[in-house]
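A short worksheet on the structure shown next.
The values are calculated or read from the model by the stated rules, or taken from the named source; none is laboratory data. Model, not experiment: these values are computed from the prediction. Here the Cβ is made from the backbone with ideal geometry for all residues, glycine too, and neighbour counts use every protein chain on show. In case anyone asks, the SASA skips ligands and DNA or RNA and just uses the protein heavy atoms, side chains included. Shrake-Rupley method; radii C 1.70, N 1.55, O 1.52, S 1.80 Å.
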Protein chains: 2
Amino acid sequence: MHRAVRELEAERGRAELTVPLIAARAEVTPSTIYRRWGDLQVLLSDVAVERLRPEGPPADHGNLAADLETWAVEWLEEMSSAAGRAYLHDAVAGDREGGNAGQCSAYAAEQVAVLLDRAAGRGEPAPDVETVLDHLVAPLMYRILFRPGLLDADYARGLARRLLAGGTTGLAE
Amino acid sequence: MHRAVRELEAERGRAELTVPLIAARAEVTPSTIYRRWGDLQVLLSDVAVERLRPEGPPADHGNLAADLETWAVEWLEEMSSAAGRAYLHDAVAGDREGGNAGQCSAYAAEQVAVLLDRAAGRGEPAPDVETVLDHLVAPLMYRILFRPGLLDADYARGLARRLLAGGTTGLAE
């Protein structure tokens, strides 16, 4: 079913997707799709989350600062691309229960945990996963969804640096 | 049109809303709605953003710490309520161009700016609006959308306190 959606989307564009079209491509009846997913938006949400799954563990650059900055820049690049935004949008829009959105966050948390475990193995001081989610992943995601146009690689690097520096948070001094 | 949506939603529930039903209540033809909004999701996004508009400036508690903590707790309470989540969801889902999501963020930025201006007027040190969005609003919104169940008033207060304390960010010491 996921393959049918991906193929049709590539061939015809997302706006043309319909349940009968997807059913025909997947060689099932439309009612099979309605029974399992309820409607098109829920199916698209499931497909989107699958595409947001990381392909492997993040790269090892030898120290936490480099690991975290590089990961943040690459994650931002992926999520804020046209495709990334469309998947995020589908993931959230078709998911009133929060399961698919929760999975998106779990993917980020797993990647961050790999970096932090690696730092611990090197004896480097490191924040915990929740702190990285709150002060690095959350600001990036908030801007992607709510403030497009206000982010770039330097912004992502700056968040990562301030986080590891113990966090000057811009308080006027 | 917005009133027609609100009335029908209250009477029948959100799942029952259709363009023909809304058109009949608003005494227009369905094609009027399709011409202006394209589809139901876009209309619901516009209605949702209107409902997320703050009712007035945030309360003055005499100092920035109290102002910011109180605002964060109240904002979280509103946005994470069942109604708040539904509006946020509608605002984002029906808005591929980012205009309505941008408006949600602009509402928060305006409220925060009022608190920070007030602090400046009292001679208190204060972070800038972007920092408050990144390290207070963004983590709350990220949890509302992606990690429901992991937030409460204490969590919101803790973010506000750490932000004003110049930000211990959880770095292991």
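With a/c under 1.5 counting as rounded, go ahead and sort the protein assembly as shown into rounded, prolate or oblate using the C-alpha gyration tensor (a ≥ b ≥ c being the square roots of the eigenvalues; past the cut-off, prolate if a/b is larger than b/c, else oblate).
Cα axes put the protein assembly as shown in the oblate bin.
Have a look at A:LEU150, A:LEU136, A:LEU159 and tell me which one the Gaussian network model of chain A (Cα, springs below 10 Å) gives the largest fluctuation.
A:LEU150
For the range A:54-164, with the dipole built from +1 on Lys and Arg beta-carbon atoms and -1 on Asp and Glu ones, taken about the Cα centre, which of A:SER81, A:ALA108, A:GLY149 lies farthest toward the positive end?
A:GLY149
Taking the alpha-carbon set of the range A:1-140, what are its Rg and Dmax in Å?
Calculated on Cα positions, Rg and Dmax stand at 18.0, 57 Å.
Roughly how big is the A-B contact, given as buried accessible area in Å² (both sides, 1.4 Å probe, nearest 100)?
Approximately 3800 Å² gets buried when A meets B.
Tell me the distances, shortest first, between A:GLY121 and the same position across the other copies, using label points 7 Å along Cα→Cβ, in nm to one decimal.
5.5
Rounded, prolate or oblate: which one fits the range A:28-109, using the alpha carbon gyration tensor with axes a ≥ b ≥ c (rounded when a/c is under 1.5, else prolate when a/b beats b/c, else oblate)?
Note, shape of the range A:28-109 comes out prolate.
Mean-square fluctuation check for chain B, GNM, Cα pairs under 10 Å: which of B:ALA15, B:ALA91, B:ALA23 is largest?
In this elastic network of chain B, the residue with the biggest mean-square fluctuation among B:ALA15, B:ALA91, B:ALA23 is B:ALA15.
In debye, nearest 20, what is the charge dipole magnitude of the range A:53-173 about its Cα centre with +1 on Lys and Arg Cβ and -1 on Asp and Glu Cβ, if you could check?
That gives a dipole near 240 debye.
Can you give me the % of accessible surface on chain B that is carbon or sulfur? Probe 1.4 Å, all protein chains present, nothing else counted. If you can, show how the numbers build up before the last one.
Numbers: 3980 of 7940 Å².
About 50 percent, which is the carbon plus sulfur part of the accessible surface.
With chain A treated as a Gaussian network of Cα nodes joined by springs under 10 Å, which of A:GLU50, A:GLU27, A:GLU124 yields the largest mean-square fluctuation?
Among A:GLU50, A:GLU27, A:GLU124, the largest GNM mean-square fluctuation belongs to A:GLU27.
Hey, got the dipole for the protein assembly as shown? About the Cα centre, +1 on K and R Cβ, -1 on D and E Cβ, debye to the nearest 20? Show your work: numbers first, answer last.
On the way: 36 positive and 54 negative charges, 159 e Å.
About 760 debye.
Evaluate E = 1/(1 + (r/R0)^6) for B:SER81 and B:GLU16, where r is the Cβ-Cβ distance and R0 equals 22 Å; express this FRET efficiency to the nearest 0.05.
The calculated FRET efficiency here is 0.55.
With a 1.4 Å probe and all protein chains left in place, how much accessible area per residue does chain B have, in Å²?
So chain B comes to 46 Å² accessible per residue, rounded to a whole number.
Say the dipole of the protein assembly as shown comes from +1 at the beta carbon of Lys and Arg and -1 at that of Asp and Glu; which of B:ALA165, B:PRO125, B:PRO54 then lies farthest toward its positive end?
B:PRO54
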